[in-house]
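All of the numbers you see were taken from the coordinates with simple rules; none came from a lab. Fair warning: this is a prediction, and the values are worked out from it, not measured in the lab. Don't worry about glycine lacking a Cβ; one is built from the backbone with ideal geometry, like all the others, and counts go over all protein chains shown.
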Amino acid sequence: MNKNGVLIISVEPGSLADQTGIQPGDRLLEINGEPVLDQLNYQFLISQRDVTKLVFQIPDGHIRKGKVENGGDGIGVDLAQDKVKVCRQNCVFCFILQMPKGFRKSLYLKDEDIRLSFLYGHFSTLSSSDDAELDRVIRERLSPIHVSVHATDPEVRVKIVGNKKEGDILRKVDRLLEGGVDMHTQVVVAPGLNDDWVWEKTVRELWERRAYQTEGPWAGKGGILSLSCVPVGLTAHREGLPEITGVGSGYAHAWAQRWTPVVRKFTKANGGEPWLLLADEWFTRAGLDVPGRNFYSSSWSQLENGVGMIRRFLEHTRGFLKRPMAMGFAGRKVLLLTGASFAPVLNDTLAQLNRRAGSHLRAAAVQNFSFGETVTVAGLLCGKDLKYAAEVDRKAHNNDPHWVDAIVIPSAALRIDTGPTDQYTVPGAERSQVPPMFLDDMTLAELSRDLGVPVVPSGENLAQLLGNLQPY
């Protein structure tokens, strides 16, 4: 329990807080007799009554009280960033444990914060959430949340998370569902570990708990909104870690062929809304085309988990190429750098655009030297990887300094904040707004300077890309 309250960093002039005498530097201790735990808890407590009783502490230690008629609205304060809860599990395929050395400290943060699960869609194993925290989630209706299940079989899950006390994930899941909390779930599939019968058991038990059932033991309660499966990601930096078998093209092909029909079966049984979701990597690793729009959630749920990103890009492209705006690319000579998994799709798209607009856009797959060649997603490319790929391409064009008008890099590879998230930080970690930079701290401006040509982020689609290219 947080007995120190939450630090107030600013007060809106003329607000209810200002009229009560609250000033920046004070600490908000209680609302209506309950301790204020963090920003989310403040928002919950302040909305409960029309008349709110406040207890706050001024910097000299004295305690002050106040009462405001806020009608359930905020009182005009900004609160300090919350400290993120750190994961203390040792999942066998944890990506943070596979990070190469030498990056900034914030990149090695293993967050296991259920608040981030609610706010930003971060996946939590629930391993660091005790019953009191789960009850808080229920009370404050932090729904939906995102949960990494990995396996519902207790023995297998213990092997995965490395904690003998955290095998029974369904106990925590059921506690939340009983309280009316919905959740999106995921399984990171590692061959020989949680596939085969383990995966089938997980699918079956989570499907029994799906959302919006009108009959049965889960009717009227919270539910599993979706279940995604993602192929395990392994880097070249697994020294001292358990041996894990990677997902090759053959395995990915067999998986996509086996489970694509099942996805459609579940969709039909779920009233037409996709429930079982296959990440794009199953198809890119297998060399298969991604399925059509109906294969994915109507709301693109789990998009940030790599489910449907390629299909959404293709859907936008199809409409964009028919619009006059596409002619804005006419005559442009641009190199687009991307990860190996997306490069074939992007090159096909650019070929269509070039025929339509008379442009000269092409994509190049960038090898990831920082994490290893098995890492093929664009978001994990470092500045030095992109720089090397651009230099190789320039050499192939006789070192012509004007071989392209501009270079486009994946927006997902850029970070605009040096802290672990936009809203949360860790004890002792400093956050600062910085120029857009890559994981290895090279900035966008430095890459542009070294290559001698404008370097711009891609955006999410061709329309955003065109806007980013407009100044050049």
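So the values come out like this:
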item: Rotationally averaged projected area of the stretch 83-307 (alpha carbon convex hull; nm²); result: 12.7 nm²
item: Cα convex hull of the stretch 19-61 - mean projected area over all directions, nm²; result: 3.3 nm²
item: Angle in degrees between helix 309-320 and the longest Cα principal axis of the chain, rounded to the nearest 10; result: 70 degrees
item: Residue order, fewest to most beta carbons within 10 Å, for MET309, MET442, MET325; result: MET325, MET442, MET309
item: Overall Cα dimensions of the chain, principal axis frame, Å, largest first; result: 73, 54, 49
item: Extreme residue, positive dipole direction of the stretch 209-364, given options PRO324, LEU353, ILE244 (C-beta unit charges); result: PRO324
item: Separation of the ILE244 and GLU200 label points, Cα + 7 Å toward Cβ, nm; result: 2.5 nm
item: Helix 343-357 axis, angle to the chain major axis (alpha carbon atoms, nearest 10°); result: 70 degrees
item: For the chain, size of Cβ-based charge dipole, Lys and Arg +1, Asp and Glu -1, in debye; result: 920 debye
item: Two-decimal log10 I(q)/I(0) for the stretch 1-146, as the Debye equation yields it once each C-alpha is a single scatterer, q = 0.10, 0.11, 0.21 Å⁻¹; result: -0.43, -0.51, -1.25
item: Debye intensity ratio I(q)/I(0), log10, the stretch 6-80, q values 0.25 Å⁻¹ (C-alpha model); result: -1.26
item: Residue pairs, from the table LYS333/LYS395; LYS201/LYS265; LYS164/LYS221; LYS172/LYS201; LYS85/LYS105; LYS85/LYS172, whose Cα atoms sit over 20 Å apart; result: LYS164/LYS221
